[in-house]
Amino acid sequence: MSSSRDLTRNLKQIAAKLKTAAVWNGTGLAVDAEQDDYLYELLCYFRAAVAAGSGFRLEIAGATETNRNGRRAARWPKKPGKKANFSYISLLDSKTGAHEQFQLCPGVKVRDLHGKDRAPDISLLLANAPPQPIYSHVAGVWDAKYTASEEARVPDVAVADFVYTFQQFGSPKLPSAWLGVVTPQEWRCSGVLTNGKESTEPTAALKASGIAETCGYPSAAAKTRP
Amino acid sequence: MGRYWLVRSGTKTVELQPDHKALTIVSRQTPRMSIGDTVLFLEGWEEKRFTATAGIARIVEIEGAGAEEMKLTKVELVDEVVLPEALDLDSMWYSLTIVRNTTRPHLHFRRGYRLLPQEDFYTIKKGEPFVARSGYFELLNALPQSLRVSFESEQILRAGEMRKRAGFRERLERLYAFIDQRVLAVGRLLHELAQEITKVDLGDAPIDHRFVSEPDPIQGFAARPDELESQLRRFAGLWEILAKRLDDQALPGKRDLIGDTLRQLDVPERRQTEARFERLFAAAP
C-alpha cells in the first residue's frame, strides 16, 4: 500500500502539471471544454479533409501567418468569422495538382438567400468562392456538436436549427465531383455530427429534410443516418 | 494539561538554539507559554519542515519588565524528540485545522510562534496527511479562476439541494470528474486533432496550427494566438504523471493516478485515518 504522504506528493505533482496545462499558451485563458468546443469542430473538419485527401490534392489557402521561426502557420477560427481572416483547405485536381475543385472551410460566414450571414461549422464551397461567399457558392455544410457527456443526446433543437440553416442556403446537393471521391457516409450528405448520442428526430424526418445525422463521432462506433 | 506551540526558526521573533535546548522570543507581550507545554519546531528556509518536539522546562524573562517595553524571554527545553522523518510543511498544511485560508495556506505559518490545537499536533507527530483534503485543495488551486468559480458554484448549489456539505473524499471525486470533463477532455481533443492533422497531406513544407479569434471590433487588436503544438507540450507533462501507476495490484475502473488514489482511500487500513480527518474537518471550509 502506498503511504499517505506518497499519495499526497503525487497529487501535488499532478496539480503542478495541471496548472500549466489548464491555461492556453497564447491568450492565457482557461482551458475549458465548454468554451473550447471549436476543437471538436476542427477535429471533424480535419476528418473531412482526410476523407477528401483520397481524391484531391490538398493545400492550405486563405489567411496564414509566419511564425518567428519562419514557419508558416494556419489560422483556425475559435468562433465564426469572416472567411478572409482564416485559413481553409483548397481541394485541387489530384492529377495536375492545380485547378481548384472545392474549398473546405472551417466556421466562416456565408450569406444566405435572404442576405443574412450564417456560419456552419464546416462548409464545402465551390471552386474559387470569393472572400465573402454567398449561398450559391455552397456545396455542402456540416455542424459539429460537442457534448461533455458522450451519453447525452444531440438536442432535437440543434438538428432543427441546422435544417433551417441548410434551407436558407437553398438545400444544396453535394456535387458528383465530391461524391465520386469521398466515401465515408458522414461526408456524403450535409448534416450534424456529434460525439454524443443521436437526437430523437425520426430518420424519416432527416431524410425528408435532406440532411444526415452522425452520432458517436469520431469513435469506431460512429453511426450515420439515414 | 499542557498546550502545544508551533515555533518557527528564522523569524524576527524567535531564535532557536541549534541543539533545540532553548529558544529566545522577542515580543510585545510576554509569551503565554507555560512549563509543561510542548513545542513543535518548524525549520528551514525554502522548504520548511517539522523537525522535532521538546518540552518546556523553564521560562526566564530576561528583559522588558515595563509595560511598554519589548520582552525578551528565554524558554529552556528538555526531552527533545526528533520526528522520525522530517515532514514538509506543504505536504501537511491541508491536514491541519488551523489552515482556514485554503488558497494561501502559508499565511498561517508566518509568525514566530503560535498555539497549535492538540489534533494538529497529533497529526504532525503521526506524519500522516489527510489525503482527500490535501488532494482536493491542491487540484482546486491549480485550476484557473474561471474554472474554480464554476466548480465551486456547482458545489454550493448541490450542497443547498442536499442540505449538507459533502466530505472531502466525495469532493475530491467530484473535482476529479470536473477536471476530466472540462480540462482533460480538451487535452484529449487536442491529441486527436493533432493525430488527424498528421493524416492530411498538406504538402512538404511544415505548417504550424494556430487557434485565433477575429480582431476585437472595439479594441481593434487580436489576442495572442493559441498554438496547437505548444498546448500539446503543456499537456504532455500532465499525461506523463497521470499515467504513473501505484505499486498496487491491478485495480478496476478508470485508470489514472487520481483514480487510483481515490481507490486507495477506500483501502481499509487508510479508511480509518481518513475518517478521523473527515470528522475533524466536518465544519472546516
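If I filter the stretch A:182-200 for residues that are within 27 Å of residue A:114 (Cα to Cα) and more than 16 Å from the chain's Cα centre (by Cα), do I get at least one hit?
Looking through the stretch A:182-200, none of the residues is within 27 Å of residue A:114 (Cα to Cα) and more than 16 Å from the chain's Cα centre (by Cα).
Tell me, which residue of the stretch B:18-35 that is surrounded by 13 or more Cβ atoms within 10 Å (Cβ to Cβ), out of contact with any Phe, Trp or Tyr (no Cβ under 9 Å at 6 or more places or on another chain) and among the polar types (S, T, N, Q) is nearest to residue B:73 (Cα to Cα)?
Ranking the qualifying residues of the stretch B:18-35, first place goes to B:24.
Can you tell me how many residues in the stretch A:182-205 are in a loop (DSSP other than H, G, I, E, B) and touching a residue at least 60 places away in the same chain (Cβ under 8 Å)?
Residues that pass the stated criteria total 4.
Could you tell me which of the residues A:119, A:48, A:139 is more than 9 Å from chain B (Cβ to nearest Cβ), under 26 Å from residue B:232 (Cβ atoms) and in contact (Cβ under 8 Å) with a residue 24 or more places away in the chain?
Criteria check complete, one pass: A:48.
Out of the residues in the stretch A:68-95 that are away from chain B (no Cβ under 11 Å) and part of a strand (DSSP E or B), which is surrounded by the fewest Cβ atoms within 10 Å (Cβ to Cβ)?
Going through the qualifying residues, I end up with A:93.
Just name the residue that is modelled with the lowest pLDDT out of those in the stretch B:185-205 that are farther than 20 Å from residue A:35 by Cβ and facing chain A (nearest Cβ under 7 Å).
If we take residues in the stretch B:185-205 being farther than 20 Å from residue A:35 by Cβ and facing chain A (nearest Cβ under 7 Å), then B:203 is modelled with the lowest pLDDT.
Scan the stretch B:81-88 and give yes if some residue there is away from chain A (no Cβ under 14 Å), out of contact with any Leu (no Cβ under 7 Å at 6 or more places or on another chain) and surrounded by fewer than 20 Cβ atoms within 10 Å (Cβ to Cβ), otherwise no.
Scanning the stretch B:81-88 turns up at least one residue that is away from chain A (no Cβ under 14 Å), out of contact with any Leu (no Cβ under 7 Å at 6 or more places or on another chain) and surrounded by fewer than 20 Cβ atoms within 10 Å (Cβ to Cβ).
Within the stretch B:141-157, can one find any residue that is surrounded by fewer than 17 Cβ atoms within 10 Å (Cβ to Cβ), more than 25 Å from residue B:50 (Cα to Cα) and not assigned by TED's automatic domain parsing to the domain that holds residue B:272?
Checked against the condition, which is being surrounded by fewer than 17 Cβ atoms within 10 Å (Cβ to Cβ), more than 25 Å from residue B:50 (Cα to Cα) and not assigned by TED's automatic domain parsing to the domain that holds residue B:272, the stretch B:141-157 yields no hits at all.
Using the structure shown, decide if residue A:49 is buried (at least 19 other Cβ atoms within 10 Å of the Cβ) and over 24 Å from residue A:174 (Cα atoms).
Judged against the criteria, residue A:49 is not a match.
Has the stretch A:96-111 got at least one residue that is farther than 20 Å from residue A:48 by Cα, basic (Lys, Arg) and within 11 Å of chain B (Cβ to nearest Cβ)?
no
The values are calculated or read from the model by the stated rules, or taken from the named source; none is laboratory data. Quick caveat, the model's predicted, so the values are computed rather than measured. Here the Cβ is made from the backbone with ideal geometry for all residues, glycine too, and neighbour counts use every protein chain on show.
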